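Student: The structure that follows is given in the form of structure tokens.
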Amino acid sequence: MGGMPESPSADVRMLAPAQVAEVLGISVDEVIALVHERRLRGARVGAPARWRVEEQSVAEYLDDQAEEARRIALWHQSQEASFPELWGTGFVRNPD
């Protein structure tokens, strides 16, 4: 008891922008742009200051991208169906 609490950042793993760029298949400049846009969490650390990106934020970014792709695919599927097909009345374009 009475010990110092652990720092919440003690478990945070930081990656170099080049590592993130390799994982995401983009350039280092694009990684830095994502940090500036706050789509990735990053900070300049050390002396001289160098960019580092939180590994967890990369995982969250990839999850967000997958969800966006899923929603786009669903939107495209919905655009291919006609309202009569969806609601069960009127002309059916492709009867089974």
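Student: Of (1) within 30 Å of M14 (Cβ to Cβ); (2) of a type in the set (G, A, S); (3) at pLDDT below 80, G90 satisfies all except one. Which?
Tutor: Here G90 clears every test but (1).
Student: Which residues, taken from region 31-42, are of a type outside the set (D, E, K, R) and exposed (fewer than 13 other Cβ atoms within 10 Å of the Cβ)? Working first, answer last.
Tutor: Restricting attention to region 31-42, the residues satisfying the condition of being of a type outside the set (D, E, K, R) are 31-36, 40, 42.
Result: H36, single match.
Student: Among the residues of region 46-61, is there at least one that is part of a loop (DSSP other than H, G, I, E, B), modelled with pLDDT of 95 or more and either loosely packed, with under 15 Cβ neighbours inside 10 Å or of a type in the set (A, V, I, L, M) (or both)?
Tutor: So the first thing to find is which residues in region 46-61 are part of a loop (DSSP other than H, G, I, E, B), and the list is 46-49.
Cutting the leftovers down to modelled with pLDDT of 95 or more gives us none.
Within region 46-61, not a single residue is part of a loop (DSSP other than H, G, I, E, B), modelled with pLDDT of 95 or more and either loosely packed, with under 15 Cβ neighbours inside 10 Å or of a type in the set (A, V, I, L, M) (or both).
The values are calculated or read from the model by the stated rules, or taken from the named source; none is laboratory data. Owing to the predicted nature of the structure, the values given are computational and were not obtained by experimental measurement. Positions of Cβ are generated from backbone atoms using ideal geometry, with glycine treated the same way; all protein chains shown enter the neighbour counts.
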